[in-house]
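Student: Pasting a structure here, questions to come.
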Amino acid sequence: DIKGKTVLIADDLISTAASITEATRTAWDRGARDVFITATHPVLCGPAMERLGKAKIHECVVTDTIPLGEKRLESLHVLSVAGLFAEAIKRIHKSESVSSLFL
């Protein structure tokens with residue numbers, strides 16, 4: 001039951017944005033108060049930016065695992081994973097635990 005609640009829809013990637021925008025529409029149809037979406041990898045190909053631009057979302061948060069170039073929307077926020085990757089590479093090089101980064 002999501003009526004009157006804030007909904008977070010998470011996915012591993014957003015390619016054409018068809019699935020995630022349909023999930024967003026479904027959340028609103030079921031009475032969501034607000035909808036946020038997130039994905040690790042913003043492929044954002046084809047009609048993705050147009051679909052996201054038309055979707056009723058408060059915010060779309062993605063990481064910078066894929067360069068976005070000029071692809072931007074007001075609701076699109078990009079989080080950097082550079083520091084995490086750098087630390088993982090350093091730990092691998094020093095034969096230290098990488099899994100402890102995620103505990």
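Student: So, in region 49-59, exactly how many residues are over 9 Å from VAL35 (Cα atoms) and touching a helix residue (DSSP H, G or I) at 6+ places or on another chain (Cβ under 8 Å)?
Tutor: Kept after step one, since they are over 9 Å from VAL35 (Cα atoms), are these residues of region 49-59: 49-55.
Next cut, touching a helix residue (DSSP H, G or I) at 6+ places or on another chain (Cβ under 8 Å) only: 51-52, 54-55.
Going through region 49-59 one residue at a time, the tally reaches 4.
Student: Right, another one. Tally time: how many residues in region 4-50 are farther than 23 Å from ALA82 by Cα and β-branched (Val, Ile, Thr)?
Tutor: 9
Student: For ARG51, only one of the following conditions fails: (1) part of a loop (DSSP other than H, G, I, E, B); (2) surrounded by 13 or more Cβ atoms within 10 Å (Cβ to Cβ); (3) modelled with pLDDT of 95 or more. What is its number?
Tutor: (1)
Student: Hey, another quick one. Being within 20 Å of GLY4 (Cα to Cα) and either within 17 Å of the chain's Cα centre (by Cα) or modelled with pLDDT under 95 (or both) is the requirement here; does THR40 meet it?
Tutor: Here the answer is no, as THR40 does not meet what is asked.
Student: Of the residues that make up region 57-78, is at least one open to solvent by 90 Å² or more (accessible area, probe 1.4 Å), closer than 24 Å to ASP11 by Cβ and not in a loop (DSSP other than H, G, I, E, B)? It would help to see each step written out before you state the result.
Tutor: Our first condition is that a residue be open to solvent by 90 Å² or more (accessible area, probe 1.4 Å); within region 57-78, this holds for 58, 67, 70, 72, 74.
So of that shortlist, the ones also closer than 24 Å to ASP11 by Cβ come out as 58, 67, 70, 72, 74.
Within this subset, residues satisfying the condition of being not in a loop (DSSP other than H, G, I, E, B) are none.
Within region 57-78 (the criterion being open to solvent by 90 Å² or more (accessible area, probe 1.4 Å), closer than 24 Å to ASP11 by Cβ and not in a loop (DSSP other than H, G, I, E, B)), the answer is no, since none of the residues qualifies.
Student: Which residue is modelled with the lowest pLDDT, if the candidates are limited to region 69-96 and must be under 23 Å from CYS45 (Cα atoms) and not hydrophobic (A, V, I, L, M, F, W, C)?
Tutor: LYS71
Student: Let me ask something else about it. Only one of ALA32, ALA39 is in a loop (DSSP other than H, G, I, E, B), open to solvent by less than 50 Å² (accessible area, probe 1.4 Å) and within 22 Å of LEU8 (Cα to Cα). Can you tell me which? Spell out how you get there, then give the answer.
Tutor: On the way: ALA39 fails: in a loop (DSSP other than H, G, I, E, B).
ALA32 is the lone residue from the list that is in a loop (DSSP other than H, G, I, E, B), open to solvent by less than 50 Å² (accessible area, probe 1.4 Å) and within 22 Å of LEU8 (Cα to Cα).
Student: Could I ask something else about it? Say we look at region 79-103 and pick out the residues that are outside any helix (DSSP H, G or I) and of a type in the set (Gly, Ala, Ser); which of these is most open to solvent (accessible area, probe 1.4 Å)?
Tutor: We begin by selecting, within region 79-103, every residue outside any helix (DSSP H, G or I); these are 79-81, 94-98, 103.
Cutting the leftovers down to of a type in the set (Gly, Ala, Ser) gives us 80, 95, 97.
Values: SER80: 82, SER95: 108, SER97: 55 Å².
Looking at residues that are outside any helix (DSSP H, G or I) and of a type in the set (Gly, Ala, Ser), I get SER95.
The values are calculated or read from the model by the stated rules, or taken from the named source; none is laboratory data. All values derive from a computational prediction rather than experimental measurement. We place every Cβ from the backbone using ideal geometry, glycine too, and count neighbours over all the protein chains shown. Accessible surface is based on the protein model in full, side chains and every heavy atom, while ligands, DNA and RNA are left aside. Shrake-Rupley method; radii C 1.70, N 1.55, O 1.52, S 1.80 Å.
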